[in-house]
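Written below as structure tokens is the structure these notes are about.
The values are calculated or read from the model by the stated rules, or taken from the named source; none is laboratory data. Small disclaimer: the values here were computed from a predicted structure and weren't measured. Note that each Cβ is placed from the backbone with ideal geometry, even for glycine, and that neighbours are counted across all protein chains shown. The accessibility values were calculated without ligands, DNA or RNA, using every heavy atom of the protein model including side chains. Shrake-Rupley method; radii C 1.70, N 1.55, O 1.52, S 1.80 Å.
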Amino acid sequence: MKRILTLSLLVALCASAIWAASGKAGKNVRWELSDGVLTISGTGPMKNYGKDRPFREDRVTKLIVEEGVTTISNNLCRDCANLIVAELPGSLTHIGENAFLNCENLSEIRIPFGTETIAQSAFQNCKTFIEIELPISIKAIGQNAFAGCENMTTARLSQSIEAIGKDSFKGCKLLAELTDLPAYVTTSTFAEYGLNRAAVKKHWDRKEELAAKYGNASGSDIQTKSVASTAKVEPSDVDLNIPFTGKTNNNTFAVIIANENYGKLSNVPFALNDGNTFALYCKRTLGIPEKNILQFNDATYGAMKAAFSDLRLINDVVGEDMKVIVYYAGHGAPDDATLDPYLVPVDAARVNKDVCVPLASIYRDLGSMKLRSATVFLDACFSGATRDGSMVVAARGIARVPKKQGLTGKVAVFCATSEDQTAMPYNEKGHGMFTYFLLKRLQETEGNVSLVDLKDYLNENVARHSTIVNRKDQTPTVLSSPAASAEWDSWKLID
């Protein structure tokens, strides 16, 4: 009798352990399943699972992997047929084998920039997928990674992918739209990856058409007319080695606007890459929660106005403990008549107060808020010139010196240029020259840098490399409001 009771108790204890609501998922990682939400939290990599996991897969409807976790373990959500949503963090670098295998109802997921590898069968048989967009940080896709995604119609890959496994897209019968393929995926090799020959041919035919239209014989450097970075953008050192500090700055908020693709004006090479990578540094290195980052890619006039309106609403709630970082990459230009400087939305066809955002209004908004500090980074020039050396409006033949704007409140502004200079690209690195060295200093210091150190670093490196690389003068400038003049140089972006 005693042996039977002991055995019963052992079975009960084992059952309790198997269906526990939480537990360890790695050295510094934990899992918790509550009301259908599986939350993975902590720092560093998860441990890998086999087919048996310490939670019931049929109870998982949503996965949240919190910032700080760097890998999705093998088999984490395998056979989670009721999983619909997966939220992945900017700290992620690897998605493991069979991580989402047979998650046939998974329809909401975004693979974040910074992810480098997707292992074999990671998303196999995710039948609800309609389209995927892989960040340019991806280096390798494993065998059968997206096989059996039978309803997928569109896939944006990346030229920077170094290896694609056999049959990665096998069974994706509706996949007819491919963009940005690596050069080794051709009408001769398509079958190895499980791709449709017609879709691959369509991709390369389109590249050749664009090459003929825009004067590039091979077409290898042309994406689409709507993509400004006509040069191939491959991850540089600042894109791939982004420090993760484990910091959390709940009272710091960032507005990031990256305008690359202009409908009626010349495009801005690498602006989207600038904004996306700066956002990643905000999350990983500066510790700004993702919900605190207001990011706008190819922002219209309405979106740009809304960004600062939202910031004011947040300030009304958070109050004077709030810190703000504003980053802008895109066109800046002076008004023809007044020379007042403006930020140019992507839907603008000309530069004036009716269709562009006055820099003065942004400074005024920031200055009127109750803030600890506001730091503004502008990878733009306001002379009317563009990154490629032409003019924002082609009919305008000379660069002009924009009118200086006053600052109030606690505001410091870093601008990529001085006077009538042009904010140039750093083509080799796939970024604006100013942004590349801004990111480089954040990388070198892990974000722990004073603004005066940042100013000195940017002045030296941007001026030097712009002269050597682009044969043009470019000297960043720093402005501060009277209220911040005695203290701005000791400010740091990271608490």
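Can you pull the one-decimal nm distance between simple spin-label points at Thr43 and Ser309, each 7 Å off the Cα toward Cβ?
4.0
Which whole-number value in Å² is the accessible area per residue of the chain, probe 1.4 Å?
Values: 21080 Å² over 495 residues.
Heavy-atom SASA per residue in the chain reads 43 Å².
Compute the separation of the alpha-carbon centres of the range 303-344 and the range 69-131 and state it in Å as a whole number.
Taking the Cα centre of each part, the range 303-344 and the range 69-131 sit 36 Å apart.
Taking the Cα atoms of the chain alone, what are Rg (to one decimal) and Dmax (as a whole number) in Å?
Cα only, the chain: 25.0, 98 Å (Rg, Dmax).
Compute the angle between helix 301-318 and the longest alpha-carbon principal axis of the chain, please, reported from 0 to 90 degrees and rounded to the nearest 10.
That helix lies at roughly 70 degrees to the long axis.
Just tell me the longest site-free run in the chain, where the sites are GluC sites (Glu not before Pro) in a DSSP loop having at most 13 other beta-carbon atoms within 10 Å. Write down the numbers at each step before the final one.
Numbers: sites that count: Glu162, Glu487.
Formally, the longest exposed-site-free interval is 163-486.
Run the simple label-point estimate for Ser107 and Leu174 please: 7 Å along Cα→C-beta, distance reported in nm.
1.1
Could you state the number of Å between the C-alpha centres of the range 417-495 and the range 140-170?
Cα centroid of the range 140-170 versus Cα centroid of the range 417-495: 38 Å apart.
Go ahead and collect, in residue order, the members of the range 105-142 whose backbone nitrogen is under 14 Å from a label point 7 Å along the Cα-Cβ direction of Lys27.
Taking a point 7 Å out along Cα→Cβ of Lys27, no residue of the range 105-142 has its backbone N under 14 Å.
Among His94, Tyr184, Asn144, flag the residue with its Cα farthest along the positive direction of the charge dipole of the chain, charges on Cβ as +1 for Lys/Arg and -1 for Asp/Glu.
Of the options given, the answer is Asn144.
Considering the dipole of the chain built from charges on the beta carbon (Lys and Arg +1, Asp and Glu -1) around the Cα centre, which of Ala483, Asn273, Asn82 is farthest to its positive end?
Projecting each Cα onto the dipole axis, the largest value belongs to Asn82.
Stretch Thr338-Thr408 to full length: gain in nm at 0.36 nm per residue minus the Cα-Cα span? Intermediate results must be reported in sequence, preceding the final value.
Working: separation 70, 0.36 × 70 = 25.20 nm, distance 2.14 nm.
Taking Thr338 through Thr408 to full extension adds about 23.1 nm, to one decimal.
When the helix-only estimate is applied to the chain (DSSP H runs of n ≥ 4, each -39,500 (n - 2.57), divided by the residue count), what is the mean residue ellipticity at 222 nm, nearest 500 deg cm²/dmol? Please list the in-between numbers first.
On the way: 8 runs with 109 residues, N = 495.
Value at 222 nm, helices only, nearest 500: -7000 deg cm²/dmol.
For the pair Asp456 and Glu131, how long in nm is the line joining their label points, each one 7 Å along Cα→Cβ?
4.8
With axes computed from alpha carbons, what is the tilt in degrees of helix 359-368 against the longest principal axis of the chain, rounded to the nearest 10 within 0 to 90?
70
Using alpha carbons only, how many degrees (0 to 90, rounded to 10) separate the axis of helix 451-465 from the longest principal axis of the chain?
80
Show me the trypsin sites (Lys or Arg not before Pro) within the range 463-495 that DSSP assigns to loop and that have at most 11 other Cβ atoms within 10 Å of their Cβ. Could you put the intermediate results ahead of the total?
On the way: sites: Arg464, Arg471, Lys472, Lys492; in loops: Arg471, Lys472.
Those that pass, being in a loop and sparsely packed, are Arg471.
About its Cα centre, what dipole magnitude does the chain give when the only charges are +1 on Lys and Arg Cβ and -1 on Asp and Glu Cβ, stated in debye to the nearest 20?
680
In terms of Cα to Cα distance under 25 Å, which lysines are near enough to Lys323, apart from those fewer than 8 places away along the same chain?
Lys247, Lys283, Lys291, Lys305, Lys370, Lys404, Lys410, Lys440, Lys455, Lys492
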